[in-house]
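Heads up: the structure comes next, in structure tokens.
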Amino acid sequence: MTPTPATGEATNETASWLARGRSALRSLASFQGAGAAPVRRLSLSQQFMLFSLLILLVGAFVIGRWVAQEIERGVINRTAAVTALYVDSFVSPHLQELDQGGTISEENRALLDQLLTTSALGQKIVSFKIWSPEGEILYASDRSLIGQVFSLEEEIRAARAGQVTSHISKLEADENASERLRADELVETYAPVHSHTTSLVIAISEFYQSPAEIQSEVRSSQREGWLIVGVSTAVMYLLLVGLVNGASATITSQNRQLRSLLERNAALSERVQRAAAGKAQTDEQMMMRIGHELHDGPAQDLSLALLRLEGLRDDLEARETGPGDGDDFAVVQGALERSLREIRGIASGLRLPELDVLTLGDVIDRAINEHERRTGDTVDLTVAELPVDVAGALKIAVYRIIKESLNNAHRHAGVKAARVAVSLEGGSLLLEISDAGTGFDPRSVDTHVSLGLRGMRERAELLGGTLTVASTPGRGTTVAASLPISREDA
């Protein structure tokens with residue numbers, strides 16, 4: 001005979017503890033949501049250690065309770081199996097007369113009484129009953145119950161089907177009146193009694209035992225189970241913490257190295273930009289020097305040559321000269337005058353006006369005013385709020401880009417108007433110079449225009465910025481530059 005636990009109670013108890021575990025996990029999730037602000041202040045490894053500890057504790061609690069319940073059921077079932085074996089060995093021979101449909105004789109009742117009082121296992125039995133398969137009590141320690149019929153409980157039906165069931169009863173059934181006078185709860189076991197000839201169930205034995213010995217064994221086994229669960233949980237937690245701490249240390253070290261690299265890259269980038277800005281200023285100083293030398297050297301010599309030619313022409317006119325001599329002097333004089341104007345124009349273009357004392361807004365106004373004075377064009381200016389002071393290299397780049405873009409518009413657009421817009425966006429100065437002229441195909445510009453566009457683009461890139469040209473034949477041209485403003489400028 002194989003003992004079978006009260007499966008309904010076992011399933012309900014397990015489901016109850018699983019439900020409690022789910023409730024605890026939901027509470028943990030709500031705690032994480034409610035305490036998100038303090039938790040976010042912890043490092044990732046600290047958050048993992050906190051929540052993994054809570055999850056492991058909840059899991060250990062649920063598993064421990066389930067193990068404890070299983071241990072309790074196992075001990076009770078083992079006790080039921082031993083008792084059922086006793087019944088099958090010693091009680092069953094005295095009940096075989098029930099196989100013929102009879103009742104228990106007085107002789108067999110006396111033998112049953114003797115077994116319950118003299119045997120070692122019988123002395124542990126608090127109460128004993130023999131049931132018919134129909135629910136009538138055929139024998140009982142309490143003689144007043146003999147002959148009474150009670151409704152068939154689930155355990156009696158299971159025993160009638162050949163199963164042994166055992167559980168701790170609260171003695172609430174009607175047939176437990178005498179047992180309630182002795183204890184608040186007892187271990188109740190039902191075992192089938194089989195016929196020796198047909199193997200059919202001819203009766204059901206029910207006996208009650210004190211739970212003290214069983215509970216002591218259960219508590220001892222449960223302590224061992226809780227110890228195993230606790231130690232296993234602690235070992236798992238320590239292993240996880242060690243693993244995460246090692247990974248966290250590696251990540252932290254890599255983050256420090258990355259931050260160091262980023263700082264070094266930022267410093268190198270800043271040095272490159274400073275060097276580029278210094279290069280731009282050096283180039284401007286070199287062009288200014290060339291302009292001065294052109295003005296003070298070849299231009300002066302040409303001026304002196306023109307003066308001497310005028311004197312020679314006057315002397316020749318005073319003399320009698322042949323036809324055509326005066327025309328030759330006029331041609332030479334015209335060529336020298338044009339060369340002088342060109343040299344002075346080049347020298348003037350190379351010399352950069354003094355921009356250091358001007359604000360960025362003044363530099364923009366000056367570039368536009370000079371263009372309008374020189375060409376007679378009209379320039380529409382839109383300016384947002386600008387920094388009060390910026391680096392000299394940025395002022396030079398703004399001045400040169402605006403001047404070159406407006407000059408290109410004047411020479412090639414075929415219109416006498418342009419538009420300049422200046423604004424700040426994301427720590428960069430945005431320049432946009434546009435016209436509504438004839439436009440061009442940027443892929444097929446001539447050498448001179450290409451040189452000017454390349455120079456503007458290089459100026460922007462030297463400062464860490466960008467410059468783009470958008471143009472379509474018949475739809476005008478737009479030059480857009482983005483120039484970063486350094487932290488000192490901002």
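Odds and ends about this structure:
- Counted residues, the range 334-357 - those being modelled with pLDDT under 65 and part of a helix (DSSP H, G or I): 6
- Qualifying positions in the range 423-447 - buried (at least 20 other Cβ atoms within 10 Å of the Cβ) and modelled with pLDDT of 90 or more: LEU429, LEU431, ILE433, SER434, ASP435
- The range 152-174: number of residues that are of a type in the set (Lys, Arg), surrounded by 14 or more Cβ atoms within 10 Å (Cβ to Cβ) and free of Cβ contacts under 8 Å to residues at least 24 places away in the same chain: 1
- Top-ranked residue in the range 202-225 [being of a type in the set (A, V, I, L, M, F, W, C) and crowded, with 18+ Cβ neighbours inside 10 Å; ranked as farthest from TRP66 (Cα to Cα)]: ILE202
- Where LEU50 falls short, out of the listed (1) among the hydrophobic types (A, V, I, L, M, F, W, C); (2) over 51 Å from the mean Cα position of the chain (by Cα); (3) more than 28 Å from ILE214 (Cβ to Cβ): (2)
- Cross-chain or 6+ apart pairs with Cβ under 9 Å, the range 450-476 first and closer than 15 Å to ALA409 by Cβ and in contact (Cβ under 8 Å) with a residue 60 or more places away in the chain, then of a type in the set (A, V, I, L, M, F, W, C) and assigned to a loop (DSSP other than H, G, I, E, B): GLY476/VAL415; GLY476/ALA436
- Any pair with Cβ under 9 angstrom, 6 or more apart, that starts in the range 402-428 at a residue that is closer than 20 Å to GLY361 by Cα and ends at one that is among the charged types (D, E, K, R) and in a loop (DSSP other than H, G, I, E, B): LEU406/ASP377; ALA418/ASP377; SER423/GLU385; LEU424/GLU385; GLY427/ARG487
- Scan of the range 125-151 for residues that are surrounded by 14 or more Cβ atoms within 10 Å (Cβ to Cβ) and touching an Asp or Glu at 6+ places or on another chain (Cβ under 8 Å), ordered by number: VAL126, SER127, PHE128, LYS129, ILE130, TRP131, ILE137, LEU145, PHE150
The values are calculated or read from the model by the stated rules, or taken from the named source; none is laboratory data. Please read all numbers here as calculations on a predicted model, not as lab measurements. FYI the Cβ positions are ideal-geometry reconstructions off the backbone, even for glycines, and counts take in every protein chain you see.
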